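Novice: I'd like to ask some things about the structure below.
Each value in this text was obtained by applying a stated rule to the coordinates, not by laboratory testing. Keep in mind that what you see is a predicted model, and the values were worked out from it rather than measured. Don't worry about glycine lacking a Cβ; one is built from the backbone with ideal geometry, like all the others, and counts go over all protein chains shown.
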Amino acid sequence: MNTGLLPDSASDFLALPLVGTGEDESDLNPILRRPRPRVTPLGMAPVVRAVLAVLTVAMLGALAIPAIARAEGLRLRGDVTARGDVLTLADLIEGAPTALAARPLFRSPALGATGTIQSRRILEAVEALGLTGIETGGRLQIAVQRAARRIGPPEIEAALKHGLETGYGLDPRNLSVRFDGDGPTLLAPVDLQGQAAAVDLTYDPRSRRVAGLVSLGERQASLRVSGVVLEMREVAVLTRALDRGETVKAGDLVTDRRPREAVAADALASAGAVAGEVAQHALAAGTVLRTGDTAPPELVTRGESVTIVYETPSISLAMRGLANQGGRLGAVVNVVNTASQKVLQATVIGPGRVSVGPGPATQQAAAPIQATASLR
């Protein structure tokens, strides 16, 4: 993968043109025979030029002395994080002189990539600026990582969904995008702010395919992506396995979003609706609950002793009975009055309790005399 480095070797950088390498020593210059020059007496002009040259050399030497002094205590930095396109002297050398700190030396890797620079290359580049005696700390090379802002799949998906809402009228709350290939990541400079936006968006309602260019700023960083738009729905999912007859607790369920075409039409949408019910068969963890997977618990079981209640506005009777059938709340079951051995149809009204009360018309015709009895 191209890391944006200009390699000297497989993992090294090239210095910018500001740092030269000299001519190839293998190039030979031809030997030429020249006539012996004629000696002429020196005039005043050559003498003046010679004096000026000596003074210039002396001044340059005087200016070089402070530069050499400033080079004392300079140290090669360890691993570096680059925030721009180039690495300056201050990025690589700790304590660099202020006048030379911003001098560019090497190109940075590509956004988000990592490369290395050999220490000898850095020393060569620094010496070309007149600085020597750099302390390397024994490092043979340093690693350089290019800082980058990473825009991951969630932000890219949000940009596409916003474009589908504004351009095609789709409800983003019920949509999900399944990207082609691995999850896309857009790399941008760290100082590039703002939210990702989808431009050049296309969508086919029949195939449900979407494609577009996700960009930051004025397309300063962009990435072309494509995928399939999925319609989602909320479903209740088990977090643990349940045996048949086991009660479903509130913590056993979570609400998840799944593609509509991947779940059954009778899948339950609410996790709280089945809390307290019992499993009608063995259920594995991760199961999307469907109608019939759970049901309210039986409040009356077959062969259980029950209390048979007969109530009107004026009479309340209770008697003992035996259930011939099991039933949930509101179910109609057959019970036997143990006193008369008569089989009655009763409605389950609570744990171990059934009612054989009269219908509404019978209750309205009952006398206003209040009476309570218990039959054994």
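Novice: Over the stretch 148-295, what is the relative contact order in percent, taking alpha-carbon pairs closer than 8 angstrom and at least six residues apart? The partial results should precede the final answer.
Specialist: Values: 303 pairs, mean separation 28.9, N = 148.
Relative contact order comes out at 20 percent.
Novice: Check VAL177: other-chain or 5+ apart residues with amide H under 5 Å from its amide H, H built from backbone geometry?
Specialist: LEU230
Novice: Set the Förster distance to 45 Å, then compute FRET efficiency between LEU213 and ALA102 from the Cβ-Cβ distance, nearest 0.05. List each step's numbers first, then the result.
Specialist: On the way: r = 35 Å, r/R0 = 0.78.
After rounding to 0.05, the efficiency reads 0.80.
Novice: Sticking with the crude label model, points 7 Å out along Cα→Cβ, report the distance from SER314 to ALA265 in nm, one decimal please.
Specialist: 5.3 nm
Novice: Please sort 113-120, 102-109, 274-281 by packing, taking for each peptide the average over its residues of neighbouring beta carbons within 10 angstrom, highest first.
Specialist: Values: 113-120: 18.9, 102-109: 20.9, 274-281: 16.4.
Packing order, densest peptide first, comes out as 102-109, 113-120, 274-281.
Novice: Calculate the length of the line joining the C-alpha centroid of the stretch 188-241 to that of the stretch 257-320, in whole Å.
Specialist: When both Cα centres are located, 41 Å separates them.
Novice: Please give me the summed charge of the neighbours of ALA128: other residues whose Cβ is under 14 Å from its Cβ, Lys and Arg +1, Asp and Glu -1. Each step should come with its number before you reach the end.
Specialist: Details: positive: ARG103, ARG120, ARG121; negative: GLU124, GLU127.
In short, +1.
Novice: Rounded to the nearest 0.05, what FRET efficiency is calculated for ARG75 and GLU165 with R0 set to 56 Å and r the Cβ-Cβ distance?
Specialist: Values: r = 55 Å, r/R0 = 0.98.
With R0 = 56 Å, the Cβ-Cβ based efficiency is 0.55.
Novice: Here's a follow-up. Taking H as built 1.01 Å from N, whose amide H comes closer than 5 Å to the amide H of LEU74, not counting residues under 5 places away?
Specialist: Result for LEU74 returns GLU135.
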